[in-house]
């Protein structure tokens, strides 16, 4: 397989390691839900700017500037979709941590320059950037040890994994999403990564 010199391959384990180092620095207690917005604005000094009609006019949900001074996000999402925003912030921070040199080289300053940047990317590059950022965001917002402990407490209240019913599983997913302030889809994906046995139960009922 051809390598990509602009966006190197990173294994899930390496991405998890970098996410853990990020939490060691900015949220060492790892209390859930991770205060990602506070980390970004107060500890990292990055401004979050809601932009009217960013999604409607440009089909862009968010982007981070190349100098890493600001994250721009669709205003409607910012005002109405808190859980989605939290994952979006973590996703954009992933580009800072994982793709710093690449982003610094492309000079993203506003939505127009971001769109130009997107148009320079190959399909493979977009896929690699997005997958790596999604993985990193999941590991930040749902660090394995704390996430598994939270899952364990919930599943035990319903009995053993094998005893969980369709209704139980739906309640567990919804409860986790509400408690940890992420979407149900993010919960399911992270369970798939860190608790494969439970995800087998999830997929039975989807």
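Readers should treat all values here as calculations from the given coordinates under stated rules, not as data from a laboratory. Keep in mind that this is a model prediction, so the values were computed, not measured. Virtual Cβ from ideal backbone geometry, glycine too; neighbours counted across all protein chains shown.
When you work out D = kT/(6 pi eta Rh) for segment 39-78 at 4 °C and 1.567 mPa s, using the Kirkwood radius from C-alpha pairs as Rh and the Stokes-Einstein form, the result is 126 µm²/s. What ranking do 150, 122 get, fewest neighbouring Cβ atoms within 10 angstrom at the top? Neighbour counts put them in this order, fewest first: 122, 150. For the chain, the longest principal axis of the C-alpha atoms and the axis of helix 184-194 are separated by about 80°. Counting only DSSP beta bridges with both residues in the chain, the antiparallel share comes to about 40 percent. Across all C-alpha atoms in segment 85-125, the radius of gyration and Dmax reach 10.9, 27 Å.
Summarised as an ellipsoid, the chain has semi-axes of 31, 19, 17 Å, derived from the eigenvalues of the Cα gyration tensor scaled by 5 and square-rooted, with the largest first. Peptides 7-19, 41-53 ranked from most to least packed, by the mean per-residue count of other Cβ atoms within 10 Å: 7-19, 41-53. Packing, as the average of other Cβ atoms within 10 Å across residues, places the peptides 78-85, 90-97 in the order 90-97, 78-85, highest first.
Put simply, when 138-147, 60-69, 100-109 are sorted by average Cβ atoms within 10 angstrom per residue, most first, you get 138-147, 60-69, 100-109. Helix 12-26 and the longest principal axis of the Cα set of the chain meet at an angle near 80°.
Between segment 62-94 and segment 125-198, the C-alpha centres lie 21 angstrom from each other. Considering the zone a paramagnetic label at residue 75 would reach in this model (a point 7 Å from Cα along the Cα-to-Cβ line), which residues of segment 38-60 have amide N under 16 Å from it? Of the residues in segment 38-60, 48-60 have backbone N under 16 Å from the label point off residue 75. In segment 118-196, the inverse of the mean reciprocal separation of distinct Cα atoms equals 13.9 Å; this is its Kirkwood hydrodynamic radius.
Estimated from helices alone, the mean residue ellipticity of the chain at 222 nm is -18500 deg cm²/dmol (sum of -39500 (n - 2.57) over DSSP H runs with n ≥ 4, per residue).
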